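Student: I am attaching a structure below and will ask some questions about it afterwards.
The values are calculated or read from the model by the stated rules, or taken from the named source; none is laboratory data. Every value quoted in this text rests on a predicted model; they were computed, and no experiment measured them. Methodologically, a virtual Cβ is constructed for each residue, glycine included, from the backbone with ideal geometry; neighbour enumeration extends over all protein chains shown.
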């Protein structure tokens, strides 16, 4: 009892200048007036308005914005994904469904026969992109997940995701010619 | 009959075009767009008129249509009669007061000459005299006790707020009504007392005479505006006027963080719009009062009805007849500009200052403004007794 730590804080003493309010009110008025007139500037570049006419003007996302998924392609246009199940395993929302199939090319073991992402379940955490060992799935489309009125349209299958995709800079499976020599 | 028609025309122009136009445009441009600019926003721009957003002006029409179409609710246990009549009681005083505000000097049927010192007339100041007849075309009513009338009418609006608060049968409304009546009555005291010093100097209650006297030049160069001869009173009056209009930083009667919306909590539909409009109309009216008493009303320094007079010289462009009309237009423009500037300043105050606590409002009113205005009155009386 009575062992409370009391920290004494000195009150900021106001002088007559502050206490009379008038100079401080004028100072505040000058700040607001400055903003007011700056934003009346006919040159819109010089205004400091931070709001955006959102539906009319597109929102500018940063390069690292996580948007819709896309599946990357090989150089011959096939899907890069090797159906290793890393993304669907790590996905906390369990929204990726993969059915693997055997590939004709012996250098490529598997490919996803079915690859469906439920964009309604996706929590946009980006863990699938982190987990992917071969840069096959990305979320850098720059398009946010749109609202859906029909639930079935929210299932993005492999071909749709590949349409969004592109070529990756990374070399899959390493450079074999170097390994042989 | 002609006089009646002229009066009707004046009422239409002043009350419906100027006051309602300015007050309702202020709801929109002043309160929304100005605040948006201050806070680095764009403000309302979605309502368009044939595809043009027109600086957000169509929002005013959209608001009006919306307000008319809303359901008009009277609370179950409210006093129906008083609840209905209260918005009108708030709104009317803000409009009636305009009857004594002169937008220009009386129209002179003959020619106007300005008496200047040193021309043998024995007049010390710059006074305009008319050799014909003065005709009152530019204020609705010419009244000898204009200032008293304006104040008496402005004081009546307390009843509206108090009745609205009581008749709504809501605790929030009642608190708001009590707050507004206490605040308005306290600030009216210092308002009246700060004005008393000005009245002692002008020696008249006639607003037009007061404005005419503000055309005098002290020492041939300094306009005898109220702000020049009574700067303290101007400041006190402005502050008390801000408090009178019940807007921020004195918007405790409707402090939305404490008592919902104060005495307008239970109002909806056009009755709510009336309450809001009354506030804006009161803002414009206070601006007009400050203009005519302290900022020279329709006077423009050195511009007189018979020419521009600076440093003893006279310059009458375009001849006397034409210049008289030009001066009329200039002067109406001057008072309009001054009123709009003061309204703008009041809005700036609103978006600059945080709200006072209620006890701070009362302290400011009774312990600071009242003693200051009494001191101002006393000093003015002393100076007048010694040197006049």
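Student: Does the range B:83-101 include one or more residues that are more than 14 Å from chain A (Cβ to nearest Cβ), crowded, with 21+ Cβ neighbours inside 10 Å and part of a loop (DSSP other than H, G, I, E, B)?
Tutor: Among the residues of the range B:83-101, at least one is more than 14 Å from chain A (Cβ to nearest Cβ), crowded, with 21+ Cβ neighbours inside 10 Å and part of a loop (DSSP other than H, G, I, E, B), which makes the answer yes.
Student: Here is a further query. In the range A:1-21, how many are within 13 Å of another protein chain (Cβ to nearest Cβ) and modelled with pLDDT of 80 or more? Explain how you work it out, then say what you get.
Tutor: Going through the range A:1-21, the residues within 13 Å of another protein chain (Cβ to nearest Cβ) turn out to be A:19-21.
Narrowing further to those that are modelled with pLDDT of 80 or more: none.
Residues flagged as within 13 Å of another protein chain (Cβ to nearest Cβ) and modelled with pLDDT of 80 or more within the range A:1-21 amount to 0.
Student: While we're here: Evaluate the following for residue B:377: is it assigned to a helix (DSSP H, G or I) and without any contact (Cβ under 8 Å) to a residue 40 or more places away in the chain? Don't jump to the end; show me each part of the working.
Tutor: On the way: assigned to a helix (DSSP H, G or I): yes; without any contact (Cβ under 8 Å) to a residue 40 or more places away in the chain: no.
No.
Student: Criterion first (surrounded by 10 or more Cβ atoms within 10 Å (Cβ to Cβ), out of contact with any helix residue (DSSP H, G or I) (no Cβ under 7 Å at 6 or more places or on another chain) and either in contact (Cβ under 8 Å) with a residue 24 or more places away in the chain or within 14 Å of chain B (Cβ to nearest Cβ) (or both)) does residue A:68 satisfy it? Lay out the reasoning, then the answer.
Tutor: Numbers: surrounded by 10 or more Cβ atoms within 10 Å (Cβ to Cβ): yes; out of contact with any helix residue (DSSP H, G or I) (no Cβ under 7 Å at 6 or more places or on another chain): no; either in contact (Cβ under 8 Å) with a residue 24 or more places away in the chain or within 14 Å of chain B (Cβ to nearest Cβ) (or both): yes.
No.
Student: Just one of the numbered conditions (1) farther than 27 Å from residue A:140 by Cα; (2) surrounded by fewer than 11 Cβ atoms within 10 Å (Cβ to Cβ); (3) within 11 Å of another protein chain (Cβ to nearest Cβ) is not true of residue A:56; which one?
Tutor: (1)
Student: Here is a list: B:198, B:228. Which entry is without any contact (Cβ under 8 Å) to a residue 40 or more places away in the chain and not in a strand (DSSP E or B)?
Tutor: Numbers: B:198 fails: without any contact (Cβ under 8 Å) to a residue 40 or more places away in the chain.
Sole residue among the options that is without any contact (Cβ under 8 Å) to a residue 40 or more places away in the chain and not in a strand (DSSP E or B): B:228.
Student: Only residues in the range B:12-24 that are farther than 13 Å from residue B:283 by Cα count as the first member; pair them with residues that are in a helix (DSSP H, G or I) and modelled with pLDDT of 75 or more, Cβ under 7 angstrom, at least 6 apart or cross-chain, and list the lot.
Tutor: Close Cβ pairs (under 7 Å, with a partner that is in a helix (DSSP H, G or I) and modelled with pLDDT of 75 or more) amount to B:14/B:98; B:15/B:95; B:15/B:98.
Student: On to the next question. Within the range B:30-52, take every residue that is assigned to a helix (DSSP H, G or I) and away from every other protein chain (no Cβ under 12 Å) and give me the one that is farthest from the chain's Cα centre (by Cα). Even if it seems obvious, please write down each step before you answer.
Tutor: Within the range B:30-52, the subset assigned to a helix (DSSP H, G or I) is B:30-38.
Subset that is away from every other protein chain (no Cβ under 12 Å): B:31-32.
Numbers: B:31: 17, B:32: 21 Å.
So, considering only residues that are assigned to a helix (DSSP H, G or I) and away from every other protein chain (no Cβ under 12 Å), the one farthest from the chain's Cα centre (by Cα) is B:32.
Student: Here's something else I'd like to know. Quick check on the range A:71-118: of everything there that is more than 26 Å from the chain's Cα centre (by Cα) and surrounded by 14 or more Cβ atoms within 10 Å (Cβ to Cβ), which residue is nearest to residue A:163 (Cα to Cα)?
Tutor: A:111
Student: Of everything in the range B:353-363, what is without any contact (Cβ under 8 Å) to a residue 12 or more places away in the chain and not in a loop (DSSP other than H, G, I, E, B)? Give them in sequence order. Break it down stepwise before answering.
Tutor: Step one: of the range B:353-363, the residues without any contact (Cβ under 8 Å) to a residue 12 or more places away in the chain are B:357, B:359-360, B:363.
Across the range B:353-363, the qualifying residues are B:359, B:360, B:363.
Student: Being touching a residue at least 40 places away in the same chain (Cβ under 8 Å) and crowded, with 21+ Cβ neighbours inside 10 Å is the requirement here; does residue B:75 meet it?
Tutor: Details: touching a residue at least 40 places away in the same chain (Cβ under 8 Å): yes; crowded, with 21+ Cβ neighbours inside 10 Å: no.
So residue B:75 fails the test.
Student: Oh, and also: Could you list, in sequence order, the residues of the range A:28-48 that are more than 7 Å from chain B (Cβ to nearest Cβ) and either assigned to a helix (DSSP H, G or I) or touching a strand residue (DSSP E or B) at 6+ places or on another chain (Cβ under 8 Å) (or both)?
Tutor: First, pick out the residues of the range A:28-48 that are more than 7 Å from chain B (Cβ to nearest Cβ): A:30-31, A:34, A:37-38, A:41-47.
Across the range A:28-48, the qualifying residues are A:30, A:31, A:34, A:37, A:38, A:44, A:45, A:46.
Student: Among the candidates B:282, B:334, single out the residue that is more than 14 Å from chain A (Cβ to nearest Cβ) and in contact (Cβ under 8 Å) with a residue 40 or more places away in the chain. Spell out how you get there, then give the answer.
Tutor: Values: B:334 fails: in contact (Cβ under 8 Å) with a residue 40 or more places away in the chain.
Going through B:282, B:334 in turn, the sole match is B:282.
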